[in-house]
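Participant: Okay, handing you the structure first.
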Amino acid sequence: MISKISLQPLKNLFRNLYFLMFLNGFLIASMFYFRMESTYEEGLFASIKGNIDSRLDANDTQDSIVVKAMATCHELMINRAPIFGGSRLLGPSADFFHGTSVDLMTTQGACGSYSQVMAMILKTYDYPVRIAQMKANGTWAAHNIVEVKTDHGWVVLDPTFNAYWVTPAGRLASFADVRKDWNYYSRQVPANYDMQYRFEDVRYANWTKIPVLMPAAKGILNWVLGKEKADTISVRTWFLKIYSIYFFVTFFLYIPVFLYTFRRLIQTKVFPNPDIPITFGNLIKYMRPFTRQRTEFTR
């Protein structure tokens, strides 16, 4: 009885045509906003790719392309970090929606922002990419890096420090390469590199972040894909184009709201009794006099 009473105001609200029309308008405006932001973000990264492409030549390999892409990413973001880092004055676009364009413009998330932007740039080249969390001093998520798959496998890049590692064979190194021989690869780090990041271990998603739900999802993935493959799934790369995701989520929310509003409009404004079932025959029956009245009124 209590639940019925508590839900009745909500039911009444969703039966109110004025509220439904407002809800339709709000969802349409939201879709327009998300689409506009998505288009803007796509344009930003297309421009970055064009700038990188202008500096490529016939001698560039996939390794050199990703290194040049990282240098561009680092150059774009390094001077913004001291200005915007830690700021809480940027509004809901930064705090709630937080598209990759926000990371590009503010570097607000430190190494997380560098990795997000780097991954997005590499995505414009259609390279498989994953964002990884490093363990340092026994603590997970001490630092974020990017791994990209080139023609000789996965290689590791650190856009925060514009750092990459080269094997004795002259190719970019993987995370496993660096971890196995840190003494060798530590000589290749830039002067400002934080030496606590000693490549202890790596993970591509924090499957304990949301209790019950995420461990359950990981268990399903382990069963479907196998644990080894499931462990390499980079969840953060799924949300690089977050504005596009918001657009489609809002669109799929809008469809039932629109259909329900249309139904309520017919019941309220066309049918003489809201309890009359909406069928094709009844629509023809009651629309005719309604249309005739509207025509006579306009005359």
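Throughout, read-outs are computed from the coordinates displayed, never taken from laboratory work. Keep in mind the model is a prediction, meaning the values are calculated, not measured. Cβ placement follows ideal geometry from the backbone for every residue including glycine, while neighbour counts extend to all protein chains displayed.
Participant: Kindly indicate which of T208, T232 is in a loop (DSSP other than H, G, I, E, B) and without any contact (Cβ under 8 Å) to a residue 24 or more places away in the chain.
Facilitator: Working: T232 fails: without any contact (Cβ under 8 Å) to a residue 24 or more places away in the chain.
After ruling out the rest, the residue left standing is T208.
Participant: Go through (1) touching a residue at least 60 places away in the same chain (Cβ under 8 Å); (2) in a helix (DSSP H, G or I) and name the single condition I220 misses.
Facilitator: The single condition I220 does not satisfy is (1).
Participant: Does S234 satisfy the condition of being surrounded by 15 or more Cβ atoms within 10 Å (Cβ to Cβ), small (G, A, S) and over 30 Å from L27 (Cβ atoms)?
Facilitator: Details: surrounded by 15 or more Cβ atoms within 10 Å (Cβ to Cβ): yes; small (G, A, S): yes; over 30 Å from L27 (Cβ atoms): yes.
For S234, the condition - surrounded by 15 or more Cβ atoms within 10 Å (Cβ to Cβ), small (G, A, S) and over 30 Å from L27 (Cβ atoms) - is met.
Participant: Is it fair to say V156 is part of a strand (DSSP E or B), in contact (Cβ under 8 Å) with a residue 40 or more places away in the chain, hydrophobic (A, V, I, L, M, F, W, C) and under 28 Å from D60 (Cα atoms)? If you could, list the steps in order and put the result at the bottom.
Facilitator: Numbers: part of a strand (DSSP E or B): yes; in contact (Cβ under 8 Å) with a residue 40 or more places away in the chain: no; hydrophobic (A, V, I, L, M, F, W, C): yes; under 28 Å from D60 (Cα atoms): yes.
No.
Participant: So, one more: In a loop (DSSP other than H, G, I, E, B) and either of a type outside the set (S, T, N, Q) or farther than 30 Å from S30 by Cα (or both), is that true of G170? Explain how you work it out, then say what you get.
Facilitator: Values: in a loop (DSSP other than H, G, I, E, B): yes; either of a type outside the set (S, T, N, Q) or farther than 30 Å from S30 by Cα (or both): yes.
Answer is yes for this residue.
Participant: Scan segment 14-64 for residues that are of a type in the set (F, W, Y), loosely packed, with under 14 Cβ neighbours inside 10 Å and within 23 Å of the chain's Cα centre (by Cα) and report the count.
Facilitator: 3
Participant: Any idea which of (1) in contact (Cβ under 8 Å) with a residue 40 or more places away in the chain; (2) out of contact with any Phe, Trp or Tyr (no Cβ under 9 Å at 6 or more places or on another chain); (3) buried (at least 22 other Cβ atoms within 10 Å of the Cβ) is the one H98 doesn't satisfy?
Facilitator: (3)
Participant: Follow-up. Looking at (1) outside any loop (DSSP other than H, G, I, E, B); (2) touching a residue at least 60 places away in the same chain (Cβ under 8 Å); (3) buried (at least 17 other Cβ atoms within 10 Å of the Cβ); (4) of a type outside the set (K, R), can you tell me which one W140 breaks?
Facilitator: Only one criterion in (1) outside any loop (DSSP other than H, G, I, E, B); (2) touching a residue at least 60 places away in the same chain (Cβ under 8 Å); (3) buried (at least 17 other Cβ atoms within 10 Å of the Cβ); (4) of a type outside the set (K, R) is unmet by W140, namely (3).
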